[in-house]
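Worksheet for the structure shown next.
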Amino acid sequence: MGSEAAAVVPSSLVQDSFAELEKQRELLTCCTLLWKELSHHFSTLERGIEIKSEALRSKRESLDASTRRTLDSLRRRELSIDGAVDLVLAKLDERRTAAVQALAASSAEADELDLAGKLRSFCTKMDFSGFFDLVVAKRKEVELLRSGLPAALGDCIDPAKFVIDAISEVFPVDKRPVKSPNDLGWACVLILESLVPVLADPELGSARPLVTRSIRERAREMATEWKEGLEQHGGIESVKPPDAHTFLQHVVTFGIIEKDDKNLYRRLVVSFAWRRQMPKLAISVGLEDSME
């Protein structure tokens with residue numbers, strides 16, 4: 001009887017059943033693969049979200065730290081204002097007294113002074129022309145100049161104005177009626193470098209030079225004139241290394257660094273990277289990220 005019952009099952013039905021089972025198997029396989037793909041996709045998304053979240057947390061922490069530093073700097077600046085004003089007034093009285101004494105000294109006494117004494121004499125009398133001529137004439141004694149200039153400039157009634165007046169004959173353009181073949185950029189750089197510690201805020205240091213608004217604007221006008229001259233004479237490719245160095249030191253010394261000029265600063269630094277002071281100037285004008 002059993003064999004008769006089995007015999008009555010059509011072979012086509014068996015084949016259809018196996019075909020249906022095969023379809024179900026393929027469907028299960030497809031679903032399994034799809035599930036794996038979706039699992040991998042969501043795992044990737046989850047990892048990506050975690051990475052981005054970590055990056056955002058890091059940026060937020062960095063921003064918080066930067067904000068704290070900025071607020072701390074602002075508080076320090078606010079607290080230092082009164083002290084800076086008192087210091088400037090005290091120095092002004094000292095410099096005025098020294099200037100009166102220097103003016104009263106005879107020319108014979110001035111001739112007997114050594115190099116440091118002569119520099120200080122010119123500074124106390126605010127004789128920027130004689131001062132600049134002396135610096136240029138003593139190029140062979142550059143190390144003595146470098147050591148004596150900061151103290152001498154400290155004797156000026158207005159050091160920032162004195163230096164601007166001193167270098168204005170040759171920077172941003174050479175205005176001398178008879179131009180010597182010697183480049184005087186080295187003298188400008190030396191004087192500007194020596195002015196940095198003189199202008200430094202007693203609390204914040206050279207990060208905030210003590211310069212009056214009128215002098216800062218005059219320094220900014222000089223920098224603008226130099227940039228305009230640069231464009232008129234063929235760009236960076238035609239500029240002399242001492243001139244580029246003077247410009248960069250000028251904007252650093254007087255605290256007139258412009259964000260819009262960062263590309264210009266970068267190109268100048270790269271073009272004259274072989275000069276010894278360029279790495280320090282690059283940091284001073286805000287290019288430390290470009291040097292990493």
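What follows draws every value from the coordinates through simple rules; no lab data is involved. From a predicted model like this one, the values you see are computed outputs, not experimental measurements. Neighbour counts are summed over all protein chains in view; Cβ atoms, including those assigned to glycine, are modelled from backbone coordinates with ideal geometry.
When a footprinting reagent is the concern and you count Cβ atoms within 10 Å, what order do Trp35, Trp226, Trp274, Trp186 take, fewest first?
Result, fewest neighbours first: Trp274, Trp35, Trp186, Trp226.
Kindly state, to the nearest 0.05, the FRET efficiency for Val142 paired with Lys175, given R0 = 25 Å and r defined as their beta-carbon distance.
The formula returns an efficiency of 0.55 here.
Return the loop-located GluC sites (Glu not before Pro) in the stretch 145-229 (DSSP other than H, G, I, E, B) with at most 15 other Cβ atoms within 10 Å of their own Cβ; answer none if there are none.
Here the sparse-neighbourhood loop sites are Glu203.
Remind me, relative contact order of the stretch 140-267 in percent, using alpha carbon pairs under 8 angstrom and six or more residues apart?
The value is 28 percent.
Give me D for the stretch 235-292 in µm² s⁻¹, whole number, from Stokes-Einstein with Rh from the Kirkwood sum over alpha-carbon pairs, 25 °C and 0.890 mPa s.
After rounding, the answer is 217 µm²/s.
Going by C-beta contacts inside 10 Å, put Asp114, Asp261 in order with the fewest on the left.
So the residues, fewest neighbours to most, are Asp114, Asp261.
With a Cα-only, solvent-free Debye model of the stretch 164-292, what are the log10 I(q)/I(0) values at q = 0.19 Å⁻¹?
The computed values of log10 I(q)/I(0) come out as -1.15.
Once amide H atoms are built 1.01 Å from N in the peptide plane, which residues 5 or more positions from Leu204, or in another chain, come under 5 Å H to H?
Under 5 Å from the amide H of Leu204: no residue qualifies.
Spelling out what I want: for every residue of the stretch 253-259, take phi, set θ = phi - 60°, compute 6.51 cos²θ - 1.76 cosθ + 1.60 (Karplus), and round to whole Hz; glycine and proline get x.
4, 9, x, 10, 5, 10, 4
List the lysines whose alpha-carbon lies under 29 Å from that of Lys23, not counting same-chain residues fewer than 8 positions away?
In chain and number order, the partners are Lys36.
Tell me which residues come under 5 Å, amide H to amide H, from Lys138 once H is placed; ignore anything under 5 positions away on its chain.
none
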